[in-house]
1. Considering only protein heavy atoms, with the full assembly of protein chains and a 1.4 angstrom probe, order Tyr27, Tyr9 by accessible area, largest first.
2. May I ask for the net charge around Arg33, where only other residues with Cβ less than 15 Å from the Cβ of Arg33 are counted and Lys, Arg are +1 while Asp, Glu are -1?
3. Using unit Cβ charges (K, R positive; D, E negative) and no other charged atoms, how large, in debye to the nearest 20, is the dipole of the chain about its Cα centre?
4. When all protein chains stay in place, what accessible area (Å², nearest 10, 1.4 Å probe) is found for Arg69?
5. So what is the relative contact order for the stretch 1-54, in percent, with contacts set as C-alpha pairs under 8 Å and at least six apart?
6. Under Stokes-Einstein, with the Kirkwood radius over Cα pairs standing in for Rh, what whole-number D in µm²/s applies to the chain at 10 °C and 1.306 mPa s?
7. Show which lysines lie in cross-link reach of Lys25 when reach means a straight Cα distance below 18 angstrom and same-chain residues fewer than eight apart are skipped.
8. Among Leu19, Leu50, Leu36, whose mean-square fluctuation peaks in a Gaussian network model of the chain (Cα, cutoff 10 Å)?
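The values are calculated or read from the model by the stated rules, or taken from the named source; none is laboratory data. Nothing here was measured: the structure is a model prediction, and the numbers come from that model. Here Cβ is always computed from backbone atoms with ideal geometry, including for glycine, and neighbour counts include all displayed protein chains. With ligands, DNA and RNA removed, areas are computed over all heavy atoms of the protein, side chains included. Shrake-Rupley method; radii C 1.70, N 1.55, O 1.52, S 1.80 Å.
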Amino acid sequence: MKVTGTVEYVDLEGGLFRLAGDDGKRYTLLGSRSDLKAAKGARVEVEGSLDDGFGIGMAGPQLRVQKLRKI
């Protein structure tokens, strides 16, 4: 699936990255922390797959990032 939105950092449970999607949903992003950190605050297009359930941060569905591109 592809989702566009803004990458946010949430200082919860050791920190997590979240995507505030243009579709109105928030997704917990799973992937390279260095790539996610570099995209913090940026508008991006994320390609990946949804994992079942919620992670420890309980911050929305988990999106396993396969590709991330700043837009």
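1. Values: Tyr27 5, Tyr9 90 Å².
Heavy-atom accessible area, descending, gives Tyr9, Tyr27.
2. Details: positive: Arg18, Lys37, Lys40, Arg64; negative: Glu8, Asp11, Glu13, Asp35.
Local charge sum for Arg33: 0.
3. It comes to approximately 280 debye.
4. Here the accessible area works out near 130 Å².
5. Details: 78 pairs, mean separation 23.3, N = 54.
Answer for the stretch 1-54 is 43 percent.
6. In µm²/s, the coefficient rounds to 136.
7. Leaving aside lysines fewer than 8 places away in the same chain, those within reach of Lys25 are Lys2, Lys40.
8. Leu50
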